[in-house]
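Following: one structure in structure tokens, then a few remarks.
Quick note: the coordinates plus some simple rules give every number you see, no bench work behind them. Not measured: the values here are computed from a predicted model. Cβ: placed from backbone, ideal geometry, glycine included. Neighbour counts: every protein chain shown.
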């Protein structure tokens with residue numbers, strides 16, 4: 001998830017224009033199509049998707065819509081000529097549907113009309129609906145929690161803010177943690193002149209790296225969960241998470257101590273006298289967030305509900321999430337979301353863009369299932385840097401999927417099984433989550449935090465200034481260290497083949513990712 005989410009929040013007028021007759025007609029048609037696809041998904045729930053042994057003809061044409069859509073997401077917000085036009089979620093949706101439609105046209109001519117419905121079934125009910133319902137639920141519920149206050153902006157206070165954000169990001173999502181903490185952190189530092197580095201490290205730790213411990217923490221990990229990775233498997237990354245966060249927190253503490261000593265004495269006196277205790281409102285939403293975690297972890301149409309013999313029906317998990325959202329809207333005290341300046345523009349942007357991304361990425365995923373083993377990516381560090389490099393400039397969620405499928409095709413050829421070696425999945429997961437911090441467009445909350453900071457008077461660096469002054473000199477050495485410690489061949493276990501007795505277990509992946517629509 002990515003691009004200019006913050007601009008959507010602060011300049012949502014373009015996204016909230018009155019919907020005309022044709023707009024409502026399009027919404028009705030979309031709702032009918034979506035309902036039909038859900039029914040189709042339920043009817044074909046137990047059918048396994050065909051795994052191709054050869055790529056479709058002229059597959060280079062088939063991947064162009066996916067490349068074009070990611071290029072639009074990365075470039076159009078940065079061009080003066082298209083910057084304002086791109087702020088409209090209707091325009092974003094139009095571009096996304098155009099690219100998704102182009103993919104379906106390609107499948108029509110390459111594989112025939114019979115390929116259209118299976119492709120849409122895989123893209124929309126099986127993956128897009130669970131994905132966007134989870135993000136919507138986390139976004140709305142976390143928007144009902146407001147933390148306000150103004151503490152003395154000592155280096156240890158700021159470090160504690162960042163550490164707390166890195167911890168909760170995995171449990172409320174990087175977007176939720178960023179929304180909850182960025183404003184009180186800025187208020188705490190409002191009397192200081194040197195604040196940019198604090199916001200940058202907030203993006204590093206809270207908006208990205210902190211979210212790697214649960215599938216709800218960051219969208220790429222949830223897509224892995226949709227493909228069969230165990231819900232609690234990501235807790236295996238706690239050592240890498242702790243080392244990376246620990247190193248960055250130590251670096252930040254040293255930097256902030258240096259800049260604190262450069263602050264004017266007058267500003268420091270104001271900082272010590274103008275204080276307000278932290279106040280948390282909307283705490284009932286913590287209960288609803290816990291309910292979301294429980295839904296994702298326990299409700300699946302493929303297995304009985306824990307402690308019972310009853311197997312939930314498809315999409316029960318998503319229905320329960322909507323119920324929790326409704327409870328949040330009803331029970332949150334009035335004024336809490338207004339204090340957070342909450343609106344739906346940011347999540348509508350994600351919904352508009354990702355409907356096209358999920359459809360358009362079916363072609364490159366199909367190609368990677370065939371040609372993945374030929375890419376030469378065999379080691380965990382290969383996948384870490386390949387996934388991370390693309391996640392820095394594209395969206396980290398589809399980038400994760402691309403390399404996930406690459407690793408799966410590699411394993412299928414090497415072992416003739418449906419498992420992904422844990423070391424490879426570790427590299428993919430860490431690359432997608434960690435390196436989303438490399439640029440403003442690597443992950444959705446990055447631009448949101450940047451815009452909120454600028455509204456508060458912080459002069460944030462430009463796109464390239466962020467990279468060359470902060471992320472490259474600060475993060476790349478840390479990532480090299482993570483590579484040496486955790487991802488080199490000498491430190492990895494041998495390939496896990498369940499057929500071999502005594503081997504360490506690998507991450508089990510469903511034979512088809514398309515059929516787990518209503519639960520996992």
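Details
- Across segment 158-317, C-alpha contacts under 8 Å between residues 6 or more apart give a mean separation that, scaled by the residue count, equals a relative contact order of 22 percent.
- Length gained when the stretch residue 276-residue 311 is fully extended (0.36 nm per residue, less Cα-Cα span): 7.6 nm
- When Rg and the Kirkwood radius Rh are both evaluated on Cα atoms of segment 309-383, their ratio Rg/Rh stands at 1.19.
- Equivalent ellipsoid, segment 120-247 (semi-axes from 5 times Cα gyration tensor eigenvalues, Å): 30, 17, 10
- Measuring r between the beta carbons of residue 236 and residue 83 and using R0 = 51 Å, the FRET efficiency lands at 0.80.
- Distance between the pseudo-spin-label points of residue 32 and residue 75 (7 Å out from Cα toward the beta carbon): 3.7 nm.
- Summarising the label geometry, the points placed 7 Å from Cα in the beta-carbon direction at residue 319 and residue 90 lie 3.4 nm from one another.
- Computed FRET value (nearest 0.05) for residue 97 with residue 269, which takes r as the C-beta separation and R₀ as 41 Å: 0.15
- Label-point separation in nm, residue 287 to residue 260, each point 7 Å along Cα→Cβ: 3.9
- Cα-derived Rg to Rh of segment 227-325, Kirkwood definition: 1.22
- In range of the label at residue 459: residues from segment 249-268 whose backbone nitrogen is under 17 Å from the point 7 Å along Cα→Cβ: 263-264
- Taking 0.36 nm per residue of separation and subtracting the Cα-Cα distance, full extension of the segment from residue 160 to residue 113 would add 11.2 nm.
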